[in-house]
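Working notes for the structure below.
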């Protein structure tokens with residue numbers, strides 16, 4: 001049960017950087033890694049919120065494939081700077097770790113400082129993780145596209161770099177006269193290389209973001225719906241049902257991180273594009289929110305947001321609040337939205353009636369029910385039709401590309417020809433009309 005393990009293969013620093021830290025890698029053997037949860041209960045925290053947060057952390061740990069051996073709880077009125085928990089509880093935690101069955105780590109449902117991690121590790125002799133570290137590791141494992149991998153590595157590096165134990169020259173060379181000065185030079189060299197790697201990752205993300213902006217420019221004016229919501233609320237299931245796509249569906253937190261854009265099926269005229277965004281969670285590490293800004297921009301770029309909630313989850317109200325806060329943080333809080341009470345088939349009649357009274361404008365449904373999907377499909381089509389304006393346009397000869405795009409993506413009511421070009425009567429959304437007029441004027 002060592003306290004540290006190399007992560008050079010996990011965070012590709014520029015060589016010869018040697019940074020060591022507790023590893024979140026699963027065991028190479030068939031033995032499931034085991035951990036103890038530490039729940040610090042502050043008097044000012046609502047009991048239901050605290051219980052929901054702890055249950056969420058359990059789900060996060062289970063997503064990593066770890067076994068939870070037990071939970072240590074301490075009620076406190078204020079933080080303890082040295083180890084978050086008090087000295088007596090720290091001794092109790094150390095005894096729990098050393099008692100059978102042996103555990104590999106402890107996980108706190110709070111963010112820990114570098115000093116706290118070091119002190120707890122010294123007292124227990126095992127790896128010490130906090131909630132952000134667990135979330136970052138899940139994101140790391142589930143990132144598939146280049147963009148997601150860059151975003152996650154940048155967030156992990158910003159989080160881990162200040163918390164790592166830098167191996168100094170004394171440890172490498174066995175000490176000796178001048179070891180301290182040499183150690184400091186190595187320390188500064190490695191810190192500089194970490195900063196260089198962060199800049200390199202940021203440049204890579206900027207390039208990806210430029211490509212995304214260009215792709216979104218080509219979709220400018222199209223009817224777009226963004227699916228947002230708390231992780232594991234059923235967003236991917238809804239995306240799959242609405243678009244007949246092969247989007248991954250798994251009963252895990254953050255099963256998918258990458259934005260997917262597909263056309264609503266059966267296809268409509270004009271086409272409606274549907275995008276699935278990364279799930280939200282309470283206390284999402286700040287660097288992850290910042291890194292995934294370009295992904296969340298899909299929501300900002302939408303004409304309509306489908307806010308998906310797991311109707312069967314007792315914490316659905318706090319989940320709604322978390323999602324709304326994230327949308328506000330990216331300036332998408334005022335966009336038109338529909339609240340989807342998903343998994344309504346898992347709710348009893350009394351609870352369903354209560355939810356309908358509390359959220360009268362919401363759509364209770366199940367993403368697994370074809371009739372519910374058909375009704376939502378009709379609702380989406382009606383939303384865009386109701387927001388369309390009828391106008392007359394003349395597409396001059398020579399702009400065949402724009403004409404083909406109109407015929408493909410816009411509802412054409414009438415088409416004729418004269419000496420100026422193709423005369424069209426169309427129905428389109430304000431955004432589509434703005435984009436078309438800009439292209440016709442260019």
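The values are calculated or read from the model by the stated rules, or taken from the named source; none is laboratory data. Note that the coordinates shown come from a computational prediction; the quantities given were computed from them, not determined experimentally. Quick reminder, even Gly has a Cβ in these numbers, built from the backbone with ideal geometry, and neighbours come from all protein chains shown.
Determine whether the range 320-342 contains at least one residue that is surrounded by 13 or more Cβ atoms within 10 Å (Cβ to Cβ) and at positive phi.
Looking through the range 320-342, none of the residues is surrounded by 13 or more Cβ atoms within 10 Å (Cβ to Cβ) and at positive phi.
Starting from the range 145-164, keep only residues that are in a helix (DSSP H, G or I), then list their pairs with residues that are modelled with pLDDT under 75 and buried (at least 21 other Cβ atoms within 10 Å of the Cβ) whose Cβ atoms are within a distance under 6 Å, requiring at least 6 positions of separation or different chains.
Final answer for the pair search is 148/257; 151/291; 151/292; 154/291; 155/288; 155/291.
Just name the residue that is nearest to residue 105 (Cα to Cα) out of those in the range 13-40 that are in contact with a strand residue (DSSP E or B) (Cβ under 6 Å, 6 or more places away or on another chain) and at pLDDT 85 or above.
Looking at residues that are in contact with a strand residue (DSSP E or B) (Cβ under 6 Å, 6 or more places away or on another chain) and at pLDDT 85 or above, I get 35.
Got a number for residues in the range 407-417 being part of a strand (DSSP E or B) and either within 22 Å of residue 386 (Cβ to Cβ) or touching a helix residue (DSSP H, G or I) at 6+ places or on another chain (Cβ under 8 Å) (or both)?
Of the residues in the range 407-417, the ones part of a strand (DSSP E or B) are 411-417.
Checking which are either within 22 Å of residue 386 (Cβ to Cβ) or touching a helix residue (DSSP H, G or I) at 6+ places or on another chain (Cβ under 8 Å) (or both) leaves us with 411-414.
Total satisfying the criteria: 4.
Tell me the residue from 352, 415 that is modelled with pLDDT of 95 or more and surrounded by 14 or more Cβ atoms within 10 Å (Cβ to Cβ), please.
Working: 415 fails: modelled with pLDDT of 95 or more.
Criteria check complete, one pass: 352.
Quick check on residue 123: is it at pLDDT 90 or above and out of contact with any strand residue (DSSP E or B) (no Cβ under 6 Å at 6 or more places or on another chain)? Please lay out each step first, then the result.
Values: at pLDDT 90 or above: yes; out of contact with any strand residue (DSSP E or B) (no Cβ under 6 Å at 6 or more places or on another chain): yes.
Here the answer is yes, as residue 123 does meet what is asked.
I'd like the full set of residues that are surrounded by fewer than 19 Cβ atoms within 10 Å (Cβ to Cβ) and within 30 Å of residue 231 (Cα to Cα), limited to the range 77-105.
79, the sole residue that qualifies.
One line per residue, one yes/no per condition, for (1) in contact (Cβ under 8 Å) with a residue 40 or more places away in the chain; (2) in contact with a strand residue (DSSP E or B) (Cβ under 9 Å, 6 or more places away or on another chain); (3) assigned by TED's automatic domain parsing to the domain that holds residue 281:
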| position | (1), (2), (3) |
| --- | --- |
| 309 | yes, yes, yes |
| 315 | yes, yes, yes |
| 319 | yes, yes, yes |
| 325 | no, yes, yes |
| 334 | no, no, yes |
| 341 | no, yes, yes |
| 344 | no, yes, yes |
| 352 | yes, yes, yes |
| 357 | no, no, yes |
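Among the residues of the range 99-131, write down those that are within 21 Å of residue 50 (Cα to Cα), in contact (Cβ under 8 Å) with a residue 40 or more places away in the chain and in a strand (DSSP E or B).
Matches in the range 99-131: 106, 107, 108, 128, 129.
Considering only residues that are farther than 12 Å from residue 391 by Cβ and either modelled with pLDDT of 85 or more or outside any helix (DSSP H, G or I) (or both), which ones fall in the range 418-439?
Looking only at the range 418-439, we keep the residues that are farther than 12 Å from residue 391 by Cβ, and these are 418-422, 431, 435, 438-439.
Those that are farther than 12 Å from residue 391 by Cβ and either modelled with pLDDT of 85 or more or outside any helix (DSSP H, G or I) (or both): 418, 419, 420, 421, 422.
Go through (1) surrounded by 16 or more Cβ atoms within 10 Å (Cβ to Cβ); (2) modelled with pLDDT of 90 or more for residue 260 and report which single condition fails.
(2)
Just one of 139, 129 is surrounded by 15 or more Cβ atoms within 10 Å (Cβ to Cβ), in contact with a strand residue (DSSP E or B) (Cβ under 6 Å, 6 or more places away or on another chain) and at pLDDT 70 or above; which is it? Quick ask: steps written out before the conclusion?
Working: 139 fails: in contact with a strand residue (DSSP E or B) (Cβ under 6 Å, 6 or more places away or on another chain).
After ruling out the rest, the residue left standing is 129.
Need pairs with beta-carbon distance below 8 Å; first residue farther than 15 Å from residue 36 by Cα and within the range 47-60, second at pLDDT 85 or above and assigned to a helix (DSSP H, G or I); sequence gap 6+ or separate chains.
Final answer for the pair search is 49/318; 52/318.
Has the range 214-223 got at least one residue that is in a strand (DSSP E or B), at pLDDT below 55 and over 20 Å from the mean Cα position of the chain (by Cα)?
So in the range 214-223, the residues in a strand (DSSP E or B) come out as 223.
Of the ones still in play, those that are also at pLDDT below 55 are none.
No, the range 214-223 contains no residue that is in a strand (DSSP E or B), at pLDDT below 55 and over 20 Å from the mean Cα position of the chain (by Cα).
Is one or more of the residues making up the range 366-388 modelled with pLDDT of 90 or more, touching a strand residue (DSSP E or B) at 6+ places or on another chain (Cβ under 9 Å), within 25 Å of residue 224 (Cβ to Cβ) and in a loop (DSSP other than H, G, I, E, B)?
Yes - at least one qualifying residue is present in the range 366-388.
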